[in-house]
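Asks: Here's a structure for you.
The values are calculated or read from the model by the stated rules, or taken from the named source; none is laboratory data. Worth saying up front: this structure is predicted, and the values here are computed from it rather than measured. Cβ: placed from backbone, ideal geometry, glycine included. Neighbour counts: every protein chain shown.
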Amino acid sequence: MHDVQPRLSVLAGFAPLAERYDGFILDLWGVVHDGVQPYPGAVDCLARMKAAGKRSVLLSNAPRRAAAAQAAMRAMGIADDLYDGILTSGEATHLALRDRDDPWFAALGTRVFHLGPERDRNVIEGLPLTRVGTPAEADFVLNTGPDDHQSGQSVADFASVLGACHAAKLPMICANPDLEVIRGGVRVICAGALAQEYAAMGGDVRSLGKPDPAIYPRVFALLGLAPDRILAVGDALRTDIAGAKAVGIASAWVLGGIHAEELGLAEGELPDAAAATARAAADGLSPTAVLPAFRW
């Protein structure tokens, strides 16, 4: 007999999960906010979790330092005291470049070509690095991705600069493994899409962030809880849900973000359990529960 994939548990709200677990690893884009404003009910959900004594850490593949991500959330009305910690892939990149305790990073050199918008340069500020203007001058390339404030960009728009990096044989640090995000309702490509193309060209790429298990120990330390008491919450199967599986923790899949259009869901609409189960199973994943949005 063939194994039958059990149907995912579809929940209308987050309250049952908040009761079941003690600590939460929350994605930002696609769960808490859309890069412009919080999702309806998300701030209320954070406040209710806090009032219930639950611990939460925000884990984002944002290619900027944690303080910059916090400042952006404050501007959206998401207060610092609604959660217990934050880690971004940009912060992890900064620490990896600062500490150089990984042989790959130790061998990088100090001359960096930054592929990304100026506002993401905080990732390398304060480090003993020299930013150069062309790939030919560099020892490595830091990829923080296209400017997410500009829609309509494609990987093809970056063919020339990626080709120049490859010609210079530059190793690439990808500070955001996401392929795309939804910003203010518009789909935009991320650093991960450029890194994927660079790897296909034969380039040497190291990505920091979800789903790499190496990003999680720092988050577990911030939560201070046993893994079986922790639930990861995210909208992307490839990063959030796969990352949770890789470190052996439960996960909840929020469908209001990156997969909503694919599954034909209107905002706040409850997903079909069979369709959600089949889509997750196609990636070899089986999250604990599926929700239309991060709301109580």
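Asks: Go through the range 25-82 and count every residue that is at positive phi and in contact (Cβ under 8 Å) with a residue 12 or more places away in the chain.
Replies: Step one: list which residues in the range 25-82 are at positive phi, which gives 30, 35, 41, 53, 77.
Subset that is in contact (Cβ under 8 Å) with a residue 12 or more places away in the chain: 30, 35, 41, 77.
The number of residues fulfilling the criteria is 4.
Asks: Does Ala72 meet the test of being at pLDDT below 95 and more than 24 Å from His166 (Cα to Cα)? Talk me through it step by step, then tell me what you get.
Replies: On the way: at pLDDT below 95: yes; more than 24 Å from His166 (Cα to Cα): yes.
Against the criterion (at pLDDT below 95 and more than 24 Å from His166 (Cα to Cα)), Ala72 qualifies.
Okay, residues lined up against (1) outside the structural domain of Gly30 (by TED's automatic domain parsing); (2) among the hydrophobic types (A, V, I, L, M, F, W, C); (3) at pLDDT below 95:
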position	(1), (2), (3)
Phe113	yes, yes, no
Gly133	yes, no, no
Val141	yes, yes, no
Ala164	yes, yes, no
Ala175	yes, yes, no
Gly184	yes, no, yes
Leu194	yes, yes, no
Gly202	yes, no, no
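Asks: Against the definition (buried (at least 18 other Cβ atoms within 10 Å of the Cβ), without any contact (Cβ under 8 Å) to a residue 40 or more places away in the chain and under 30 Å from Ala168 (Cβ atoms)), how does Leu108 come out, yes or no?
Replies: Criteria not met by Leu108.
Asks: Would you check if there is a residue in the range 88-106 being β-branched (Val, Ile, Thr), farther than 26 Å from Cys45 by Cβ and not assigned by TED's automatic domain parsing to the domain that holds Arg121?
Replies: Among the residues of the range 88-106, at least one is β-branched (Val, Ile, Thr), farther than 26 Å from Cys45 by Cβ and not assigned by TED's automatic domain parsing to the domain that holds Arg121, which makes the answer yes.
Asks: Kindly establish whether Arg238 is modelled with pLDDT under 95, under 16 Å from the mean Cα position of the chain (by Cα) and under 26 Å from Gly35 (Cβ atoms).
Replies: Details: modelled with pLDDT under 95: yes; under 16 Å from the mean Cα position of the chain (by Cα): yes; under 26 Å from Gly35 (Cβ atoms): yes.
Yes, satisfied.
Asks: Looking at (1) of a type in the set (Phe, Trp, Tyr); (2) assigned to a helix (DSSP H, G or I); (3) surrounded by 15 or more Cβ atoms within 10 Å (Cβ to Cβ), find the lone condition where Phe113 falls short.
Replies: (2)
Asks: Something else now. Going by what's in this entry, would Gly152 be described as in the same structural domain as Ala107 (by TED's automatic domain parsing), modelled with pLDDT of 95 or more and surrounded by fewer than 24 Cβ atoms within 10 Å (Cβ to Cβ)?
Replies: No: the conditions fail for Gly152.
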